[in-house]
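Input: a single structure, listed below in structure tokens.
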Amino acid sequence: MPSPIFGRNFIAGAWLPHAADFASLNPAKLAEAVGHFPATSTDAVGQAVAAARQAFPAWRRLSRIHRAECFHRLGYLIERHTDALATLMARECGKILNECRAEVVEGLHMVQYVFGTGRMPVGDVIPSEIAEKDAFVRRKPRGVVGVITPWNFPFAVPLWMLGPSLLEGNTAVFKPSEETPAIGQRLVELFAEAGFPAGTINLVHGAGTVGEAIVQNPDVNAILFTGSSAVGQRIQQISAGFTDRIVAAEMGGKNAVIVCEDADLRLAIPAAVLSAFKTTGQRCVSASRILVHKAIAAKFIQSFIDTVHRIQFGDPFDPASFAGPLINRKAVEKTLMYNGLAKDEALDMIYESREFAPQPGCFVSPCVYAIHDNPNSRCLKEEVFGPHVAIVPFDDDEHAVDIANSTDYGLSMAVITESYRKMRFFREECDYGLGYANLPCIGAEVHLPFGGVKKSGNGHPSAAGLVETITHKYAWTVNHGTGIVMAQGMSSSVDSN
Ligand code: UN1
């Protein structure tokens, strides 16, 4: 067992003394502590925000290309440490090793994107009514950005947020999830080693109270958040009290894969299984509803359960594992609670999940059930975040859209069909931010915007689209003439009125 990591905050370029207020546990072996971490006080959060504020002017004044070049070295370090990062992540959040590698690569892609973007054109040149006037749209950074991230993507999601924010000249206070502080700390170590100046990125460990202290701090100009809908709504409410504050919140889903009558099952089955059970159903884009046309429901269910029967949930380091444990005991209890509700309401309980324990861990096997849509069913309407999937028959395409949209969420969706007309119909009619045709509803890439609608988000996406949140646009207009000529036909004479 590797020795536990010493948890430290990183403020104004200094690693602060180690404190051990809470432990990060390996969800596959609860007896193993990955590390011990400080619960940051509100005062220390204030110091981190002040450090970010102090670093802001000098960082903002650097050329954009210079800032982008810091990411070149960061990318090199990430590539060099990919295996060690993936191993630490697998121990700390329980995702299988192959997925952890993919996540490190996803984070690396964001770094590469940011580096490349440094030399890309920014802004627009806009025509003016006056021939001698040139008008431009340019962007300025907002200032200090608070980055509050989840445990299920503990490396890539912070980079989706920190990458564009720092490139545009903001500075940051980063709070990783209290479930995955070790990987968060390792990421900040790499930023420091890559040479980001003191104060540009500050790390504060802890749980909700630390996030709350960041959000309550009036000197934070933007909050970037991925996590639960309840926390996201609280962040939005608090932030509404600050005039100079913008929030980008990406908050969960109740996503559906829609399998049409004409679907090719060679696509539909893997798309449904990957959407429901990769990462043990713990992606915010995971599907917990598979909507299947009634004419093919029996055939689909047979093939689906044959495949589910073959996939293994187990040790994240065993190459035969398809998915690992849930993140903690609370997640086990929550998933089993929803499985119990499903049992009361299902037409047919196809796979009843059970807890299993290769060692004292957080392992739960998949739950699959057939059920008619019902507006009052909690297991069909609420986010479970576990290996729990409902198979819901539908009558026709309109009915499928009604069911797909009948939750408070709207993050991702997939439609499986051979018909381009159906594809377009679902593309236009469903509520989502990330749509897929003949694919799983997971697996977004960093150069696309990432976010949802309704309870899933506020339309300010993470990843590449984040530039809209962490900068403000401004107009800049220059006169090249020898006199003043006003637009809209207004007189520019100052000799008389
Ligand atoms: C998340 O579930 O919080 O689209 C992020 C995907 C990944 C990111 C998921 N690239 O599945």
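The numbers here are math on the coordinates, done by the rules we state, and not lab data. Model, not experiment: these values are computed from the prediction. Every residue, glycine among them, receives a Cβ derived from its backbone with ideal geometry; neighbour counts consider all protein chains shown.
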Placing each pseudo-label 7 Å from Cα in the direction of the beta carbon, Asp21 and Ala207 end up separated by a distance in nanometres of 1.1
For Glu352 and Tyr420, extending 7 Å from Cα along the Cα-Cβ vector and measuring point to point gives, in nm, a value of 4.9
If the label point sits 7 Å along Cα→Cβ of Asp219, residues of segment 152-178 with amide N under 14 Å come out as 171-173
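Below 12 angstrom from the Cβ of Ala207, what's the summed charge of the other residues (Lys, Arg +1; Asp, Glu -1)?
Result for the local shell: -3.
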Length gained, Glu193-Ser492, 0.36 nm per residue minus C-alpha separation, equals 102.0 nm
Applied in sequence order to segment 181-193, the curve 6.51 cos²θ - 1.76 cosθ + 1.60 (Karplus, θ = phi - 60°) yields integer Hz couplings, x standing for Gly and Pro, of x, 5, 6, x, 5, 4, 4, 5, 4, 5, 4, 5, 5
Taking every other residue with Cβ under 14 Å from the Cβ of Thr171 and scoring Lys and Arg +1, Asp and Glu -1, one gets +4
Rounded to the nearest 500, the 222 nm mean residue ellipticity computed for the chain from DSSP H runs (n ≥ 4, each -39500 (n - 2.57)) alone is -11500 deg cm²/dmol
For the chain, the dipole about the Cα centre with charges only on Cβ (Lys and Arg +1, Asp and Glu -1), to the nearest 20 debye, works out at 1040
Computed from the beta carbon distance with a Förster radius of 30 Å, FRET efficiency for His472 and Arg378 to the nearest 0.05 stands at 0.15
FRET efficiency for His309 and Asp264 from the Cβ-Cβ distance with R0 = 22 Å, rounded to 0.05, comes out at 0.55
Under the Karplus relation with 6.51, -1.76 and 1.60 and θ = phi - 60°, whole-Hz ³J(HN,Hα) for segment 18-27, x at Gly and Pro, equal 5, 9, 10, 7, 9, 10, 9, 9, 6, x
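Take every DSSP beta bridge with both residues inside the chain and express the antiparallel ones as a percent of the total, to the nearest 5. Kindly include the intermediate steps, with their values, before the conclusion.
Details: 30 of 72 bridges.
Percent antiparallel among DSSP bridges in the chain is about 40.
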Plugging the Cβ-Cβ distance of Glu428 and Leu448 into 1/(1 + (r/R0)^6) at R0 = 30 Å yields, to the nearest 0.05, a FRET efficiency of 0.95
With DSSP loop assignment and no more than 16 other C-beta atoms within 10 Å, the GluC sites (Glu not before Pro) in segment 402-434 are Glu418
Scoring segment 255-437 by relative contact order with C-alpha pairs under 8 Å, at least six apart, yields a percentage of 28
